[in-house]
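**Q** Attaching a single structure in structure tokens format; questions to follow.
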């Protein structure tokens, strides 16, 4: 038996109301136009293969003389960090007086199939750091890593501590074997050799379906039911579609680098047990001796807080700071609460150093 009862007339009223909302919503969707992304003015300053390094136009007269270079994950597009006016971590950092660069990895294709983690970390990231240093006549810059890009940034900082002044990690997985990490539990049992040898590059659609399956009711069903109510407002509908555009804009993953990342980080938990090797070099986290700001999200279903917080016990610096955001993996970049909390905190932390 159902715990509640509805009269037939109530059911009819609810169905009619839903149909009316759906009808008006369809009209709204035809009127919202193109979905634009990006809030901040930027220019490309370095190109290599699919990669583009962007420099954002400063918003203050005298920005921090030591710029930040942002390393995004490979699995999604980096415009999440600069989604729209008022919902942009980069915009907030620019207002906080920072000078910002960002690596856009582009869209890999079959020609990139055999790129390795060494190519990404000791190759692309290192040459981008050198370019930023050259442009500012510096020996060290600040590095900010996002999600998987944070894991890359930790490795880079351990391998090249002479080039990084301060390290900032945001929703970054470090301990890949925490008890609440559903994604890790799934990935640990995958025959990644078979996947890569069969597919070559791993389709972005496959990974995206995996992420959505972690919270199927909320991410596949409920949000589209909730959408019906949002469609009465064009701007809310446009914001929803902007997020959908980012969610489903998933580049394919380079086969060899993906294989190495899954094996060394997810399956072997290499950052915790010290077994990660990038090329011929072992990653020794005790060599991360620069100041570190570690930002994580309390309600993150992709990177549990315990996974990120493990960093503090593994690195060599005595200047380690944690900042917990009371939200989720994506909200830390686009929510109103995040705009008021994250960029000002990063700016204040950097300016003190």
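The values are calculated or read from the model by the stated rules, or taken from the named source; none is laboratory data. Predicted, not measured: the structure shown is a model, and the values here were computed from it. Positions of Cβ are backbone-derived with ideal geometry, glycine not excepted, and every protein chain shown enters the neighbour counts.
**Q** So how many residues does the range 282-304 have that are modelled with pLDDT under 95 and over 18 Å from residue 73 (Cβ atoms)?
**A** 2
**Q** Continuing with the same structure: From the list 253, 236, 281, 264, which one is surrounded by fewer than 16 Cβ atoms within 10 Å (Cβ to Cβ) and within 16 Å of residue 117 (Cβ to Cβ)?
**A** Exactly one of 253, 236, 281, 264 is surrounded by fewer than 16 Cβ atoms within 10 Å (Cβ to Cβ) and within 16 Å of residue 117 (Cβ to Cβ), namely 281.
**Q** Among the residues in the range 332-352, are any over 20 Å from the mean Cα position of the chain (by Cα), crowded, with 21+ Cβ neighbours inside 10 Å and under 30 Å from residue 59 (Cβ atoms)?
**A** Yes, there is a match, as at least one residue in the range 332-352 is over 20 Å from the mean Cα position of the chain (by Cα), crowded, with 21+ Cβ neighbours inside 10 Å and under 30 Å from residue 59 (Cβ atoms).
**Q** Filter the helices (runs of 4 or more DSSP H) completely within the range 269-353 down to those with at least 1 residues that are under 13 Å from residue 170 (Cα atoms) and in contact with a strand residue (DSSP E or B) (Cβ under 7 Å, 6 or more places away or on another chain).
**A** 305-309, 331-334, 336-351
**Q** Residue check: is residue 292 touching a helix residue (DSSP H, G or I) at 6+ places or on another chain (Cβ under 9 Å), crowded, with 19+ Cβ neighbours inside 10 Å and within 28 Å of residue 190 (Cβ to Cβ)?
**A** no
**Q** Checking residue 235 against (1) more than 23 Å from the chain's Cα centre (by Cα); (2) modelled with pLDDT under 65, which test does it fail?
**A** (2)
**Q** Just wondering, is there one or more residues in the range 81-88 that are on the phi > 0 side of the Ramachandran plot and modelled with pLDDT under 95?
**A** Yes, the range 81-88 contains at least one residue that is on the phi > 0 side of the Ramachandran plot and modelled with pLDDT under 95.
**Q** A further question follows. Out of the residues in the range 125-147 that are in a helix (DSSP H, G or I) and surrounded by fewer than 21 Cβ atoms within 10 Å (Cβ to Cβ), state the one that is nearest to the chain's Cα centre (by Cα).
**A** Out of the qualifying residues, it is 126.
**Q** Right, next: Restricting attention to the range 188-232, report how many residues are modelled with pLDDT of 70 or more, under 20 Å from residue 328 (Cβ atoms) and either loosely packed, with under 15 Cβ neighbours inside 10 Å or over 18 Å from the mean Cα position of the chain (by Cα) (or both).
**A** Total satisfying the criteria: 2.
**Q** Surrounded by fewer than 20 Cβ atoms within 10 Å (Cβ to Cβ) and either under 21 Å from residue 335 (Cβ atoms) or in contact with a helix residue (DSSP H, G or I) (Cβ under 6 Å, 6 or more places away or on another chain) (or both): does that describe residue 82?
**A** no
**Q** Of all residues in the range 295-314, count the ones that are buried (at least 18 other Cβ atoms within 10 Å of the Cβ) and free of Cβ contacts under 8 Å to residues at least 40 places away in the same chain.
**A** 1
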